[in-house]
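Data block below; observations after.
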Amino acid sequence: MLRSLHMKLVMIMMLLILSLMTVVGAFLMNSVVAFYLKDFYAQVNTVFSDRDVYYDMTTQTPAELTGEATGVEMLDQVLSAYAGAMGVNGSGRNYYILDASGRYLAGTDDEYGPKLEFTRNLMQVIEDRSQVGDESNLAADYMDVAIPIDRGGEHYIVYIRDDRNTVDMLNSQLFTLIVEALVFGLIISILLSFLLSKTMVTSIRRLTDGAERVADGDFSHKIEVTSQDEIGVLTNTFNDMAGQLEDTLRQVENERNKLDTLFLHMTDGVVAFDGEGQVIHSNPAAAGMLHCEIGPETTYEELFGDLADLDSVLSAPDYLEGEREREGRYMELLLAPFDRENQTGALVVIHDVTEQRKNEEMRREFVANVSHELRTPLTNIRSYAETLAENVGDLPPKTEQKFLGVILNESDRMTHIVQDLLTLSRFDSGHNELKLGKFSFTGAINDMYNAVYLEAQRHDHTIALELEPGLPEIVADRERILQVMMNIVSNSIKYTPNGGHIAIRAGRVDDRVWMEVADNGIGIPKEDRARIFERFYRVDKARSRESGGTGLGLSIAKEIIDRHRGLLTTVDKEEPGLTLRMELNVEGPGHE
């Protein structure tokens, strides 16, 4: 009820009248008090500023001089004569004659005089007779003034006080009038607000009916403009908006038709699904690439359930990728949600990458061919260098030995590069099949340890071996796994300064075995660790060349472990050096 426009207008008008009358009432009451306070001091000031009056108050009379009357009595007679001019009436306003210390002597209120309150004005005159105490105070419940009088060598104080009963009575009557006016004002405001709201709501209801028509798709109805005020301007604006909205929807429909045409004839396949996994749209290219019929009854699970479940796609932060091969054609799939927040559906884009795969294959074959072509001249260079090393004589011995050493070292390094390239090429082409067999994981680690022990001793390294008891036999290519182990440990020996420490640890977690090799060598910066398995990637190329590194060892190791469906990763640690971790499935590559 309070949310209706009628009630809101009524409440606003009532609050307006109430606020207005409150402000006016407070202003009037304060004005009355201020007026009486001002009038009080004006009356007193008028009387006491009159020279004749002042003369009468300060001059002794013959009666006083002969002793027939006192100064207080004569002063009381003078004040009584001017009581009317000062507004003294003996009830609300009185005058009091006090001595210099404030003791009551005479006045118009003998009952209250002896109990007279020492106000600020009175205290001011008692303390300093050179001044008149006439400070006003709106907040006080009285008005007063204290005037020092000297008569016949005696010091008196004339104190006039008004208890403001008249002001209070007038304010009470004024408050009653204000309340009565407020009641009538509220009644009138309610009637006027209902009339005003009815006038406004009628136009707003027309706008509401028009908005409902537009929401239902009816743009032909125009709302009648019955006024030229803001509501009329709003009505005209609404009619214009409805016309523009109709034009915009027509343009959107045209754009949709264009997109449908593009979608229908594009070479990439596109399939759209709702949140339940039902097909809501697909183009002919998708059906052709997938070699199946796609209809309204087709589900996401039937087409792409083997790549990723629909919930994973709908909640993906970006998009998911997948691959598929059908009848010799390779397809790359991108799976992305329509709306990640509401998860209203998913879109799958299918791109034919067969030609790209062929180009990649040609590149791999090129690398293989180049590697094969390089082996023969490299072998000749090595043979020639060995012959020169055995027949030194034409050149100074030191020079010959230096050149021959360089030739031998470079030929060895290039031979290793070629061998590594051939290994990677075979992995890329898929022709290097794994020779799977069951063997002891502990035995393989011990063989590797014995093989590298002497090399570690040459560098004064301490090499520690920690194996969990009872490690199982695993199914893998023993030669390749041993090659990976040797590569990891050899790198630790090579890139750890002499006198370092290398720890080899191994164990089992569930259905996987693991081995970690940790050293305190030069290590690898965190920003470079993600790239150490890239081919030819070296953090410090100069130092790698001095150590005989090619940048392919860890790439080959990663390829071998990946083909075993295992993991080869770096382990974050705070101390210097590098830790590499290898994990393998106990039952072999087919049991991830």
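The values are calculated or read from the model by the stated rules, or taken from the named source; none is laboratory data. This structure is a prediction, so every number in the text was calculated from the model and none was measured. No Cβ is skipped: glycine too gets one built from the backbone with ideal geometry, and neighbour counts run over all protein chains shown. Ligands, DNA and RNA are excluded from the accessible area calculation, which covers all protein heavy atoms including side chains. Shrake-Rupley method; radii C 1.70, N 1.55, O 1.52, S 1.80 Å.
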Looking at R413, is it under 25 Å from I561 (Cα atoms), basic (K, R), in a helix (DSSP H, G or I) and modelled with pLDDT under 70? yes
Of the residues G470, G549, G499, which is surrounded by fewer than 17 Cβ atoms within 10 Å (Cβ to Cβ), out of contact with any strand residue (DSSP E or B) (no Cβ under 6 Å at 6 or more places or on another chain) and modelled with pLDDT under 90? G470
Has the range 291-300 got any residue that is within 16 Å of L334 (Cα to Cα) and not aromatic (F, W, Y)? no
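Considering only the range 67-163, give the strands (runs of 3 or more DSSP E) lying wholly within it that have at least 3 residues that are touching a His at 6+ places or on another chain (Cβ under 6 Å) and at pLDDT below 80.
none
Do we have R250 as basic (K, R), part of a helix (DSSP H, G or I) and modelled with pLDDT of 75 or more here? Reasoning before the result, please.
On the way: basic (K, R): yes; part of a helix (DSSP H, G or I): yes; modelled with pLDDT of 75 or more: yes.
For R250, the condition - basic (K, R), part of a helix (DSSP H, G or I) and modelled with pLDDT of 75 or more - is met.
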List, please: which pairs have Cβ atoms under 8 Å, are six or more places apart or on different chains, and start with a residue in the range 427-441 that is under 14 Å from V475 (Cα atoms) and open to solvent by less than 90 Å² (accessible area, probe 1.4 Å) and end with one that is modelled with pLDDT of 85 or more and basic (K, R)? L434/R480; L434/R563; G437/R478; F439/R478
Inside the range 309-320, the number of residues satisfying the requirement of being open to solvent by 20 Å² or more (accessible area, probe 1.4 Å), in contact (Cβ under 8 Å) with a residue 24 or more places away in the chain and touching a strand residue (DSSP E or B) at 6+ places or on another chain (Cβ under 7 Å) is 1
List the number of the failed condition for E455; all other conditions in (1) more than 48 Å from the chain's Cα centre (by Cα); (2) modelled with pLDDT of 90 or more hold. (2)
Qualifying positions in the range 133-147 - under 17 Å from I157 (Cβ atoms), free of Cβ contacts under 8 Å to residues at least 24 places away in the same chain and open to solvent by less than 80 Å² (accessible area, probe 1.4 Å): G133, Y142
Going by the structure shown, is Q43 out of contact with any Cys (no Cβ under 8 Å at 6 or more places or on another chain), open to solvent by 40 Å² or more (accessible area, probe 1.4 Å), assigned to a helix (DSSP H, G or I) and modelled with pLDDT of 80 or more? no
From the set of residues in the range 473-482 that are among the charged types (D, E, K, R) and not in a helix (DSSP H, G or I), which is least open to solvent (accessible area, probe 1.4 Å)? D477
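Can you name the residue in the range 483-496 that is assigned to a helix (DSSP H, G or I) and open to solvent by 50 Å² or more (accessible area, probe 1.4 Å) and is also farthest from I561 (Cα to Cα) among such residues? Break it down stepwise before answering.
Let us first name the residues in the range 483-496 that are assigned to a helix (DSSP H, G or I), namely 483-494.
Add one more test, that the residue is open to solvent by 50 Å² or more (accessible area, probe 1.4 Å), and what stays is 483, 486, 494.
On the way: Q483: 11, M486: 13, K494: 22 Å.
This residue is K494.
What number of residues within the range 567-576 satisfy the criterion of being open to solvent by 10 Å² or more (accessible area, probe 1.4 Å) and either modelled with pLDDT of 85 or more or in contact with a Leu (Cβ under 6 Å, 6 or more places away or on another chain) (or both)?
Qualifying residue count for the region: 4.
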